[in-house]
Structures are given as structure tokens and as C-alpha cells.
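The values are calculated or read from the model by the stated rules, or taken from the named source; none is laboratory data. Because the structure is predicted, anything quoted here is derived from the model rather than measured. Note that we place each Cβ from the backbone using ideal geometry, even for glycine, and neighbour counts take in every protein chain shown.
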Amino acid sequence: MKTSIQKLRKFFRLEAEREYDNKAVMGGLSNILSAWEMEAREDQLSEQIIQAVISRLRDYHRLSEDSREVVLKGVWQRVSRETGVESETQKQPPVTKQPKSQPEPEPGQPKNPEPAAAPEPEKSEPVPQAPTPKKDPPKPILDLDFQAPITTIKGIGEKKQEALKRMGIQSINDLLYTFPRRHDDYSKLKPIGSLWYGEFVTVIGSVKSVSSRAVRSGKMKIVEALISDKSGAIRATWFNQPWIENQLIKAKQVVLSGLVEQYLGRLVMNSPEWEPLSKKQLHTNRIVPVYPLTKDVTQKWLRGVIHDIVEEYSPHLPDPLPENIRANHSLSNLPDAIREIHFPDSDQSLQKAKQRLAFEELFLMQMGVLSQKKQWESRSGTAFESSEDWLLPQLESLPFKLTNAQKKALDQVRADLSSGTPMNRLLQGDVGSGKTVVAALAALIVIHGGAQAAFLAPTSILAEQHFQSLKKLLTQGSGDLAEIQIALLIGATPENEKEDIRKQLADGEIKLIIGTHALLQDPVKFQNLQLAIIDEQHRFGVEQRGILRQKGNNPHLLVMTATPIPRSLALTIYGDLELSVIDEMPPGRIPVETHLLNPSEIERAFGLVRGQVDKGNQAFIVYPLVEESDKVDEKSAVDEFNRLQEEVFPNYKLGLLHGQLNPAEKEEVMIRFRDKEIQIMVSTSIVEVGLDIPDATVMLVEGAHRFGLAQLHQFRGRVGRSDQKSYCILVPGTIEEIENQRLQAMVDTNDGFVLAEKDLEIRGPGQFLGTRQSGYTELKLASITDLDLIERARTEASTIFKQDPDLSQENHHQLAKAVKEFWTQKNTGDIS
Ligand code: ADP
Ligand code: MG
């Protein structure tokens, strides 16, 4: 045993023999610290341990005797665990799994005179520890079933099972992976006499008195206790938990953790976490996990359950990450990470655990994505040739010349289509960059080859718009496609027409169908669907993509998005898709001029709107009304509309678009706007997606601070779609919001990719990509903003995948299993 550790043990033993009177060392235990620190360094103890010992012993003299006992035992547990001395000193075999079948140590047992020599893990132990020494990873025990239902746990019956199920917890494994929402640091044990108002602390003391009284004419009951140690006393109160009164009386000695508050000039603790001193300290005196809860599941209960499960099971968790990868990136092993993410020893170790688990998530995701890609590539698809001879006249007949970026994307698509493997491509391009025409040409190629194509849009307005423009774009050229071979299928399509369309799809008369979710419905069948196009793909879930694909036989797939995400991120989230980027705007576009106005300057914005409309242009005015909150939305949209029409724009024709209109009504308003019967469109955020109104030159966004950057950028994309100068006016709700970083970023750049990076920086990806985006939102820990970690996980995954694509090597068995579990958990057979 190292000298420094021997010394600690010696002093701790002496202290224990003297019942913690702090006289084992002259001048008190903290006197040993400076000498000990040097020795420990010489012994090369880890810096973490050294710091832990020092920080815990520094205030030793100020603690009550009970607290001292707790502290010394805790420190010793930690030291012995991390240095592996336990096995040398412990006479009993290490406690392995089945703590539940062991009798609990008697509460109120006499103080253990030799904490150092024989620490009892079940008693007074501030830091739950791995039951087996670290150095020697435990062999998985055969009967340890991580998939076992939670009802196999003592104390979980049907009712709890139901409740936990609501949280998505069904198995032991689910419990291990139910991560805390946050942690509260109660590890700062303090004498009561030196507490400060506003601190989060843990104190240990005796219960001097307990009383309870009713308040609010008997509706509420308050339990009040006076807890004291040598240095002082503090009052603690609990509301509406009358049972606490008896528990406190029985406990005599308690540990309280919580916020120190002030009441009538005295320090108090309101509803602190507490537990009797004799129990192992799980809820107090440590960094405490705080879990998400549901009805019938209390924090204390869940914490207890998870703690037991973590202790029993986590040491035996097989680690899917190969050791060399762990070593390369200094990642902790899985048992440590799981234990530390629940019950961390320190903030540092918590961060380390998170890092490790986040890496694992990204890594498993990437492995899954890669194997999906491989699987996809192993299928065969119908090859569609598009000769230059045929293509050129098609391009000639378009109303414009393709940009170079569009040409490049088209060439990539053509190569995919003719390859004999189903295309699986993401077409990314900023708002207005002209993605539609590329998709349209892809459809034409497939139709030219005798098959059918489907074009899925997220809203009926957009589907309708695509329907109109595709008809125009595609029926001018070769004669491969006639107007009657193109159809629109949306929710509002009358049932008899739907019937007709289905029939014509099934017998192949319709070559190109454009539609919304209605397309995905069961009765829709194709004669020979060979290309599925999905516009604004982030609006759809993966399932929907899968359904559309199922309607053909390995059809080619082209998904489009205007959500600009950084390349490394795209490769991670959509790693199974090939990526085409249209990074160039059609010529003649004048960048939209963006202004940020003070709320009091709104009249200037209205003036601009009038001026533009007088020139024959059109305008959008967007209000920050939340689409989901039904009634409120409708009322305020209508109110706002009436006010604008009557007071601000009495001489202009206004239209109103909001989420509570039915699809037919929405469409009607949009058509009237497109046909210029409406000059100013007042709208909620639903105008965001894809609309193309070339004469709209003003986008006025009120309450602009309430929108995300991506959304603002999409709004702005509704204007500036012609060669006329356009304006985007952002008016936040209050003057202070003028400083808003997002709004400033909008003024600074028109480039969607720059904004995407910016937004990632400001808020993280969840928001930017929209909540409906799938694939990565299931990530529990990894932050998509951590591009560095993403890169590393991706690189490692690719390396392994190259060496062993089926993960059949011996040392990849665990990994193969984990990848499979990761992906089946998400129920996504189709992840593209
Ligand atoms: P998005 O990429 O946002 O879906 P669209 O495909 O709707 O963009 O195109 C935006 C507008 O630009 C449409 O009116 C379209 O007709 C026009 N457009 C597309 N490509 C070109 C081009 N190469 N030259 C001129 N206009 C183009
Ligand atoms: Mg579009």
C-alpha cells in the first residue's frame, strides 16, 4: 500500500477510535493536509483523489462528530475504491450483486470503530461505489438480465410499472439509461453555525424538536423541526407531508440537503431533502441526481430504485465501445460512465461520464447510418438513362437556364438514376435556390423511362403550388408528359376525384402525382413507382418517408431541404444519404435588404408596405402567434387582421392566413394572393414553408424576437424571388430585443449556411432543425453543437465499418448488439 494511503488509514482509524473528537492529530486532522498532499503527489495518486481528500478534510474541525464520521468514511470509500486498496484490507469478499437479499445493517448500530479497515458499503456511505474493485472488470454474471422487466425489481408492482411505462421505462436497461435531468450539488457538508443565506448545503444534526400545525383553515399541514449540531441550529419546514413528523421523531439524527433561506430574519430550510443519518446517504450529502418524473413516481423513490439498479447492474454492463477507441479519446468505460452520470463523485467525473455516453450515442448512430447505407446500396434499383440528346431539348424548353449549381446537382442525380442502385440523395439548397426544377427533371427522366414518380409536400398550399409549376415546367418539352398525366392529391380533394386518381395511379395512367400526406394513405397504390421526391423533408418523420418508399419496389429517393446545416452535421444525421448542395442563387436576384426596427417605428414599416403595394407589389405581415395553441391563435390573428384592415390599411385589400383555417380555406386565400386579389397577406407563421409569390417584396415580421433563426430565414425567403428589390423588416416586441443576437445575425447576412452555424452556436440544433426533424432528436446526451465530438465519433465509426462492416469480429460483438439495440429502440427500420 502506498505510504500516503497508509497514513490516511492510520489517522482515520485513530479518529474513529477517539469517536471523532479531532484529536488524533495534534492541532486537528486538517493539519496533516499540506504534508500529506506532497506525499500523495510523490505516490502519484490521481489529482482528483488528492483534491477530494483535501477539500473534504479542510473543514473537518468545524464539523459535528456525526458529520466527521460521515466525511471520513466517505473519503475512505473513495480513496480505497480508486486506488484499489480495498481488496488488500477488506477481510470480507467484495459485495457483489444481490445486495437486496442481504439483510440491511441495523439502523442505529454503534459507531464502527474501524471505518478504515472495514468500510461497510451499506452504511453511512456518501458515495455509492462499484461493488467490485475497478482494476479487474467483473465478468458478466449469467443470470443478470438487462432486458428483464422492471417488475422483477422488489417494490415495483403493477401500479409503478404503469407509471414508469409512461416514462418509457420497461426494463432494467431502461432504468440504467434514464438519465437525470440535472444534478444538485449537496456534497458540501457544513456546520450549521456557518451557513449562509442562499447556499445549497448539506448539514447533519440531531432533531431537537418536531411539531406540526395546520394552516389555511386546515387545508395544509406544516411540519416544523429544529435541527442542531454543536455549532448551531436551523429550522426546517415541510409542507403537506404530515408523515414526516413521525419519521423525524424516529430518526433522531438526520441529514438535510437543500437551499438555505431566510424567514423573519432567521435561516430556514424549506422542504429540504432529508434522510435519517443511519441510512446510506443517497438523497443528501452528495451530488444528487434529479430525474424526470410522472404521476405516482416521486423523486426520492425513483432515485432509490435507480441507485440500487445502478449498483447491482452497472458494474456488469458490457462495453460496446472497443477499448482502443476508448483509449484514443480518453473515454471512461461504460460501468463507470453509467454510475457517474447517475451518482457522480464530482462535477468533473459527471462531465466525463456525459462525454463518454454522448460519444457512444453518436458513434452508434453513425454505425447504424453506415450499415443502413450499405444495405441500401446492396439493393438493386431500376436504371434510368438520360442521354444528352434527350436532355438538352428538355433544358431548352425551361423558362430559364439552370445555374451551375443546379446543373451539378442534376448530373449527380442522373448518375444515381442510371446506376442500377436506388438513389438515396439529399438535395440541400437555401430558400429560393431552385431545388424544385432539379426534382422535376429527375421525375421527367423516370417518366421518360416508362415509370411513375411521386412528389410529397408538407402542406396542401405547397403541393398545389408545385402542381401548378411542375405542369408548366414539364409539359413543354419532349412530349413525354402531358398535362393529364400529372395529378394533385391532397386532403381536400373530393372523394370521387380521389377515387379516380387512385385508379389511374394503379393502372399507370398518371405518371406524376403531387400531394400531401394523403398520398401516404393505404388505398394509394402505384403501377410502377420508381421515384419518390420529398420536399421540405424536415417536416416529415422517417416513417413517412418509409411509407412512400414502400409504395414502390426499391424506388429512387430524392429528399429536399432548405434547412442549411453544416456539412459535418449533415453527414452525421443523414450519413446514409448522398449529399448535393445547391450553393448558388439563380441570376438576377437582388439580395433582400433586412432592417431591424424599434417597436415604436412600426409606422415606418407600414409606410414601406404601402409604398411597395402602390407600385403593384405585394407584402406579407407575419404575427408571432403560435400555431398549436388553437383558439388563442385564431382570435388574435383575426383581431390583428381587423385592426390592420380598418386602421392601418383601410384602402388596401388584406387577406388572412392562419392555422385554424381548413385546407380549402387556406388554399383559397393563397390563390387569391397569388392572383393579386389580395395585396397584403396577414399571416401566422404558417407562411414559412416553400411558397413562391414572385411579386411579394416586403416581409414584415412583428414580434420577431419570438421566432427562431431558421424560421426567420424561411420567412425572408418568401420575398426576393424575382428581380425586384425586396425588404425584410424585423420588429421585435420590445426595445431591449434590438440587441437580440438572432435578429442581428439576420441583418448581417443573407446566407443560410452562415445563419445555420450561428444558430447552432446560439441555441443548439434541436431548435434549428425543428422539432419534427427525426434521427437526432432521440439523442439523449450528445449535443449536435459539439461538432468536434461528432467528427471524432464519425471518424471512428467509419474506420471500424471499413474494417468490419458486419461487425462480425470477436471484439465487435458487443458493439454489434448495441448498434442493433440503439436502432430498434427507435423503431426505425428505415432511417434515411
Ligand atoms: P427552392 O429551392 O426554395 O424550392 P424554388 O425551386 O421554389 O426554390 O425556386 C425559386 C424560384 O426560382 C422559382 O420561382 C423558380 O422558378 C426560380 N428559378 C429556379 N431556378 C432558376 C434559374 N436557374 N434561373 C431563374 N430562376 C430560377
Ligand atoms: Mg421549395
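Residues that are touching a Gly at 6+ places or on another chain (Cβ under 7 Å), outside any helix (DSSP H, G or I) and within 13 Å of ligand 1 (Cβ to nearest atom): does segment 479-500 have at least one? So that I can check it myself, show each step before the final result.
First, pick out the residues of segment 479-500 that are touching a Gly at 6+ places or on another chain (Cβ under 7 Å): 488-490.
Restricting the remaining residues to those that are outside any helix (DSSP H, G or I) gives 488-490.
Filter again for within 13 Å of ligand 1 (Cβ to nearest atom), leaving none.
No, there is no match, as no residue in segment 479-500 is touching a Gly at 6+ places or on another chain (Cβ under 7 Å), outside any helix (DSSP H, G or I) and within 13 Å of ligand 1 (Cβ to nearest atom).
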Where residue 732 falls short, out of the listed (1) within 25 Å of residue 463 (Cβ to Cβ); (2) touching a helix residue (DSSP H, G or I) at 6+ places or on another chain (Cβ under 6 Å): (1)
When segment 451-469 is examined, which residues are found to be under 14 Å from residue 558 (Cβ atoms) and assigned to a helix (DSSP H, G or I)? 466
Go over the candidates 234, 249, 222, 227 one by one and state the one that is of a type in the set (A, V, I, L, M) and outside any strand (DSSP E or B). 249
For segment 237-254, name all the residues that are closer than 11 Å to residue 277 by Cα and modelled with pLDDT of 90 or more. 248
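Output the residues belonging to segment 152-182 that are surrounded by 15 or more Cβ atoms within 10 Å (Cβ to Cβ) and among the polar types (S, T, N, Q). First the steps, then the outcome.
As a first pass, look at segment 152-182 and keep what is surrounded by 15 or more Cβ atoms within 10 Å (Cβ to Cβ): 153, 156, 160-161, 163-164, 167, 169-180.
Passing the criteria: 161, 170, 171, 173, 178.
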Checking residue 290 against (1) under 31 Å from the mean Cα position of the chain (by Cα); (2) crowded, with 17+ Cβ neighbours inside 10 Å: exactly one of these is not met. Which one? (2)
I need the full set of residues from segment 710-739 which are aliphatic (A, V, I, L, M) and within 17 Å of residue 597 (Cα to Cα), in order please. 712, 729, 730, 731, 735, 738
Among 509, 536, 543, which is the only one that is within 16 Å of ligand 1 (Cβ to nearest atom), of a type outside the set (Val, Ile, Thr) and touching a residue at least 24 places away in the same chain (Cβ under 8 Å)? 536
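Is it the case that some residue within segment 325-342 is touching a residue at least 60 places away in the same chain (Cβ under 8 Å) and outside any helix (DSSP H, G or I)? Talk me through it step by step, then tell me what you get.
If we filter segment 325-342 for residues that are touching a residue at least 60 places away in the same chain (Cβ under 8 Å), which is where we start, we get 325, 328-329, 333, 335-336, 338-339, 341-342.
If we keep only those that are outside any helix (DSSP H, G or I) too, we end up with 329, 333.
Checked segment 325-342: at least one residue is touching a residue at least 60 places away in the same chain (Cβ under 8 Å) and outside any helix (DSSP H, G or I).
Test of understanding: among 450, 434, which residue is out of contact with any Cys (no Cβ under 7 Å at 6 or more places or on another chain), within 15 Å of ligand 1 (Cβ to nearest atom), on the phi > 0 side of the Ramachandran plot and not hydrophobic (A, V, I, L, M, F, W, C)?
Numbers: 450 fails: within 15 Å of ligand 1 (Cβ to nearest atom).
Exactly one residue qualifies, and that residue is 434.
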Can you work out which of the residues in segment 654-687 that are among the small types (Gly, Ala, Ser) and more than 18 Å from residue 700 (Cα to Cα) is surrounded by the fewest Cβ atoms within 10 Å (Cβ to Cβ)? 664
Count - residues of segment 5-27 that are surrounded by 18 or more Cβ atoms within 10 Å (Cβ to Cβ) and either without any contact (Cβ under 8 Å) to a residue 12 or more places away in the chain or in contact with a strand residue (DSSP E or B) (Cβ under 9 Å, 6 or more places away or on another chain) (or both): 0
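Taking the stated definitions as given, is residue 588 at pLDDT 75 or above and either surrounded by 24 or more Cβ atoms within 10 Å (Cβ to Cβ) or over 27 Å from the mean Cα position of the chain (by Cα) (or both)? Quick ask: steps written out before the conclusion?
Numbers: at pLDDT 75 or above: yes; either surrounded by 24 or more Cβ atoms within 10 Å (Cβ to Cβ) or over 27 Å from the mean Cα position of the chain (by Cα) (or both): yes.
Yes, satisfied.
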Does at least one position in segment 411-426 carry a residue that is modelled with pLDDT under 95, in contact with a Pro (Cβ under 7 Å, 6 or more places away or on another chain) and within 16 Å of ligand 1 (Cβ to nearest atom)? no
If you take the residues in segment 362-383 that are touching a Ser or Thr at 6+ places or on another chain (Cβ under 6 Å) and assigned to a loop (DSSP other than H, G, I, E, B), which one is farthest from ligand 2 (Cβ to nearest atom)? 383
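If I filter segment 50-72 down to residues being part of a helix (DSSP H, G or I) and out of contact with any helix residue (DSSP H, G or I) (no Cβ under 7 Å at 6 or more places or on another chain), which single residue comes out as surrounded by the most Cβ atoms within 10 Å (Cβ to Cβ)?
Initially, segment 50-72 is screened for residues part of a helix (DSSP H, G or I), giving 50-57, 60-62, 65-72.
Next, from what is left, pick out any that are out of contact with any helix residue (DSSP H, G or I) (no Cβ under 7 Å at 6 or more places or on another chain): 51, 55, 65-67, 69-70.
On the way: 51: 13, 55: 14, 65: 17, 66: 20, 67: 27, 69: 21, 70: 24.
This residue is 67.
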Of the numbered conditions (1) under 30 Å from residue 325 (Cα atoms); (2) touching a strand residue (DSSP E or B) at 6+ places or on another chain (Cβ under 8 Å); (3) surrounded by 20 or more Cβ atoms within 10 Å (Cβ to Cβ), residue 373 fails exactly one; give the number of that condition. (3)
All positions within segment 28-49 that are loosely packed, with under 14 Cβ neighbours inside 10 Å, of a type in the set (A, V, I, L, M) and closer than 25 Å to residue 349 by Cβ: 38
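Tell me, which residue of segment 407-450 that is within 13 Å of ligand 2 (Cβ to nearest atom), in contact (Cβ under 8 Å) with a residue 40 or more places away in the chain and not in a loop (DSSP other than H, G, I, E, B) is nearest to residue 465 (Cα to Cα)? Spell out the reasoning first.
To start, the set of residues in segment 407-450 that are within 13 Å of ligand 2 (Cβ to nearest atom) comprises 427-440.
Still in the list and also in contact (Cβ under 8 Å) with a residue 40 or more places away in the chain: 427-436, 438-439.
In the following step, the residues that additionally are not in a loop (DSSP other than H, G, I, E, B) were identified as 427-429, 435-436, 438-439.
Working: 427: 19, 428: 20, 429: 19, 435: 14, 436: 11, 438: 16, 439: 14 Å.
That would be 436.
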Hits in segment 702-718 - residues which are outside any loop (DSSP other than H, G, I, E, B) and of a type in the set (Gly, Ala, Ser): 704, 710, 717
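Suppose we keep only residues that are assigned to a loop (DSSP other than H, G, I, E, B) and surrounded by 20 or more Cβ atoms within 10 Å (Cβ to Cβ) within segment 742-773. Which one would you say is modelled with the highest pLDDT? Show your work before the answer.
Within segment 742-773, the first condition is being assigned to a loop (DSSP other than H, G, I, E, B), and the residues that meet it are 749-751, 764, 770-773.
Then drop every residue that is not surrounded by 20 or more Cβ atoms within 10 Å (Cβ to Cβ), which leaves 750, 773.
Values: 750: 88, 773: 36.
Checked segment 742-773; the qualifying residue modelled with the highest pLDDT is 750.
Does residue 177 satisfy being closer than 27 Å to residue 310 by Cβ, modelled with pLDDT under 90 and among the hydroxyl-bearing types (Ser, Thr, Tyr)?
Yes: the conditions hold for residue 177.
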Residue 503 versus (1) surrounded by fewer than 20 Cβ atoms within 10 Å (Cβ to Cβ); (2) within 16 Å of ligand 1 (Cβ to nearest atom): which is the lone unmet condition? (2)
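Are any residues in segment 479-490 surrounded by 15 or more Cβ atoms within 10 Å (Cβ to Cβ) and more than 45 Å from the chain's Cα centre (by Cα), and if so, which ones?
Going residue by residue through segment 479-490, those that are surrounded by 15 or more Cβ atoms within 10 Å (Cβ to Cβ) are 480-481, 485-490.
Hit for segment 479-490 is 480, nothing else.
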One residue from 208, 252, 188 being basic (Lys, Arg), surrounded by fewer than 19 Cβ atoms within 10 Å (Cβ to Cβ) and within 37 Å of the chain's Cα centre (by Cα): 188
Criterion violated by residue 275 - all others in (1) touching a His at 6+ places or on another chain (Cβ under 7 Å); (2) part of a helix (DSSP H, G or I); (3) closer than 27 Å to residue 229 by Cα satisfied: (2)
Can you tell me which residue is nearest to ligand 1 (Cβ to nearest atom) among those in segment 728-741 that are outside any helix (DSSP H, G or I) and either surrounded by fewer than 22 Cβ atoms within 10 Å (Cβ to Cβ) or among the β-branched types (Val, Ile, Thr) (or both)? 729
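Can you name every residue in segment 699-748 that is of a type in the set (Lys, Arg) and within 24 Å of residue 588 (Cα to Cα)? Talk me through it step by step, then tell me what you get.
Our first condition is that a residue be of a type in the set (Lys, Arg); within segment 699-748, this holds for 706, 716, 718, 721, 725, 742.
Residues satisfying the conditions are 716, 718, 721, 725.
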List every residue pair whose Cβ atoms sit under 9 Å apart, with the two residues 6 or more apart in sequence or on different chains, where the first one lies in segment 180-199 and is aliphatic (A, V, I, L, M) and the second, anywhere, is part of a loop (DSSP other than H, G, I, E, B) and at pLDDT below 85. 189/59; 189/63; 189/126; 189/285; 192/64
